[in-house]
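Peer 1: Shown below is the structure under consideration.
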Amino acid sequence: MPTTGSIEEQRRAACATREAILKVARRRFSSCGYADVTLRDIAADADVSAALVVKYFGSKEDLFAQASGFENDAEKLLDCELEHLGEHLVRTLLDYHDRTQGDPLVRAVFTSSRPAGASFRDNFESQLVTRLAERLTGPRARLRAELVCSHLMGLGASRLVLRTRAITAEPTEDLVALTAPLIQNWIDNPL
């Protein structure tokens, strides 16, 4: 009797399938908006059945709620000591751009303006901006955190959406060298 793999292999495959569905859902919801996306669209893009999407996520609303989270992205972005956080933020986002052709901050911009985008906006605020602001010392921490995020969103939008020539052509190390000190200034210095 043929085996279908160990339980651990099955779990890994299920986890990979679930992540693939989430990735497709994020892309669909951010480019098309909640109302214009169906579970069948997501299933087709992920090369799975709509029934499997329902099995993993329940409903479109539940899938949207999970796709709108920034918890994992925020963990990666903020996983650095404050004195080097500016460089870490830029490098991490540029790595997202290079590896996945995506950016969680740009996703927040496009998705939050769509119907049902309040979940994305709320999650972005609580899971990234507020957490960054809580780490900053001195006055106007919230404003400084929002300035950091807005600068990073602009960089992502320029590279991935507008595809501006100079920024897109600039080598990663040069973009880090040019951008990180500006961001670090907002992190270190009260306005």
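The values are calculated or read from the model by the stated rules, or taken from the named source; none is laboratory data. Not measured: the values here are computed from a predicted model. Quick reminder, even Gly has a Cβ in these numbers, built from the backbone with ideal geometry, and neighbours come from all protein chains shown.
Peer 1: Are any of the residues in the range 30-44 surrounded by 17 or more Cβ atoms within 10 Å (Cβ to Cβ), of a type outside the set (A, V, I, L, M, F, W, C) and outside the structural domain of C149 (by TED's automatic domain parsing)?
Peer 2: Looking for residues that are surrounded by 17 or more Cβ atoms within 10 Å (Cβ to Cβ), of a type outside the set (A, V, I, L, M, F, W, C) and outside the structural domain of C149 (by TED's automatic domain parsing), one finds at least one in the range 30-44, hence yes.
Peer 1: Being under 18 Å from T92 (Cβ atoms), in the same structural domain as L78 (by TED's automatic domain parsing) and surrounded by fewer than 16 Cβ atoms within 10 Å (Cβ to Cβ) narrows it down to one of R135, R142, so name that one. Give the steps one after another, and end with the answer.
Peer 2: Details: R142 fails: under 18 Å from T92 (Cβ atoms).
Answer to the selection: R135.
Peer 1: Hey, another quick one. In the list T111, T100, which residue meets the criterion of being closer than 30 Å to H151 by Cβ, at pLDDT below 90, among the polar types (S, T, N, Q) and surrounded by 13 or more Cβ atoms within 10 Å (Cβ to Cβ)?
Peer 2: Details: T100 fails: surrounded by 13 or more Cβ atoms within 10 Å (Cβ to Cβ).
Going through T111, T100 in turn, just one is closer than 30 Å to H151 by Cβ, at pLDDT below 90, among the polar types (S, T, N, Q) and surrounded by 13 or more Cβ atoms within 10 Å (Cβ to Cβ): T111.
Peer 1: So, one more: Checking Q10 against (1) polar (S, T, N, Q); (2) within 30 Å of E146 (Cα to Cα); (3) at pLDDT 85 or above: exactly one of these is not met. Which one?
Peer 2: The failed condition is (2).
Peer 1: In the range 65-82, which residue that is without any contact (Cβ under 8 Å) to a residue 40 or more places away in the chain and charged (D, E, K, R) is surrounded by the most Cβ atoms within 10 Å (Cβ to Cβ)?
Peer 2: By that ranking, first place goes to K76.
Peer 1: Out of A43, A65, A74, which single residue is modelled with pLDDT of 95 or more and of a type outside the set (S, T, N, Q)?
Peer 2: Being modelled with pLDDT of 95 or more and of a type outside the set (S, T, N, Q) holds for just one of A43, A65, A74, which is A43.
Peer 1: Condition first: modelled with pLDDT of 95 or more, surrounded by 12 or more Cβ atoms within 10 Å (Cβ to Cβ) and among the small types (G, A, S). Now tell me which residues in the range 157-180 satisfy that.
Peer 2: Selection gives A177, A180.
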